[in-house]
1. Using the 10 angstrom Cβ neighbour count as an exposure proxy, how do 6, 57 rank, fewest first?
2. Given +1 on the Cβ of Lys and Arg, -1 on the Cβ of Asp and Glu, and no further charges, what dipole in debye does the chain carry about its Cα centre, rounded to the nearest 20?
3. What is the stretch 180-260 by shape, rounded, prolate or oblate, if you read a ≥ b ≥ c off the alpha carbon gyration tensor as root eigenvalues and call it rounded for a/c under 1.5, prolate for a/b larger than b/c, and oblate otherwise?
4. Please state the shape class of the stretch 228-283: rounded when a/c is under 1.5, otherwise prolate if a/b exceeds b/c and oblate if not, all from the C-alpha gyration tensor.
5. Where the only charges are on Cβ atoms (+1 Lys, Arg; -1 Asp, Glu), what is the dipole of the stretch 91-204 about its Cα centre, to the nearest 20 debye?
6. Residue by residue through the stretch 256-261, which ³J(HN,Hα) values in whole Hz follow from phi under the Karplus form 6.51 cos²θ - 1.76 cosθ + 1.60 (θ = phi - 60°), with glycine and proline marked x?
7. If we count other beta carbons within 10 Å of each Cβ, what is the order of 8, 44, fewest first?
8. How tilted is helix 209-220 with respect to the longest principal axis of the chain? Cα atoms for both, answer in degrees (0 to 90, nearest 10).
Amino acid sequence: MPGGSRPRVRLLALDIDGTLLTSERALTPRTRDALDRARAAGVRLVLVTGRRLPSARRIARDLGGDVPLILHNGALVVDGGELLRSLGLPRDVAREASERGLATGAEPVLHCGARGEGRLLVRAGAHPSPLMAYYLERAGDDLRIVPDLLAALGDEEPIQVMFGGRPEEMKVTLAALEETLTGRARIERSVYPAKDLVILEVLERTVAKASAVVFLQGRWGITAEETMAIGDNWNDREMIAQAGLGFVMGNADPELRGLGFPVLPTNDEDGVAEAIERHVLGQ
């Protein structure tokens with residue numbers, strides 16, 4: 001700010017996987033301590049993730065207190081156990097996305113439940129990539145195997161359609177999805193070079209992490225300049241760009257790190273803690 005210091009941080013918007021948590025999906029003591037001290041000083045925390053409610057809620061409970069959640073890259077917003085916003089994917093778009101993905105050899109995973117139920121639907125006989133199979137195994141009772149995926153859509157409220165696989169495979173799938181769905185849906189891409197994995201998510205066309213953060217800023221009377229946002233992937237880019245303080249993790253896709261955002265240490269090197277200690281706690 002000309003003639004003075006920048007506004008203090010009043011809101012922390014943090015991605016979960018690859019950002020808040022380490023590669024072993026753990027919260028380090030240093031990061032927990034930094035978050036506890038920031039929250040004790042009156043800073044609001046919101047977790048902004050592509051995860052489903054059942055999965056993200058476990059992380060929020062571990063942090064303690066009431067932590068608002070932005071889920072499915074912004075499709076759902078939950079605060080104090082109350083669903084504040086739900087932007088479902090139209091059934092016809094979900095059906096077309098599934099068909100286009102299947103035509104390229106990619107297996108669709110349907111995320112369903114407009115109130116955060118977190119149901120996952122896959123077709124019987126599906127052969128997802130090894131990492132996608134691991135993701136589905138962790139879904140437990142939320143996973144439903146259906147004989148006809150497209151027919152099952154008639155009884156569901158889809159939130160997103162997800163595909164995952166090797167980068168060269170997902171490049172083909174992305175091109176097919178964009179050819180059909182541009183202007184009708186938002187397609188998010190998450191890149192994990194160390195795992196040789198790309199995840200594509202087809203969402204309602206206005207959904208974004210960035211717009212969901214703006215939604216909460218409006219409810220809480222917090223400005224973009226008073227917000228610090230940290231993420232590690234392409235679905236975090238707009239959120240990082242619009243924040244007064246925006247950072248990308250050192251473990252992010254090299255192309256994302258090359259866009260000019262300030263780069264923190266990796267998620268295994270307490271990058272989030274360092275940002276909070278320096279820019280929120282003034283250490």
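Every number here is computed from the coordinates shown, using simple stated rules; none is lab data. The model shown is predicted, which means the values in this text are computed figures rather than measured ones. For neighbour counting, all protein chains shown are included, and Cβ atoms are generated from backbone atoms with ideal geometry for every residue, glycine included.
1. Fewest to most other Cβ atoms nearby, the residues stand as 6, 57.
2. Once rounded to the nearest 20, the dipole reads 640 debye.
3. Note, shape of the stretch 180-260 comes out oblate.
4. oblate
5. Dipole size: approximately 180 debye.
6. With the stated coefficients, the stretch 256-261 comes to 5, 4, x, 7, x, 5 Hz.
7. Neighbour counts put them in this order, fewest first: 8, 44.
8. 50
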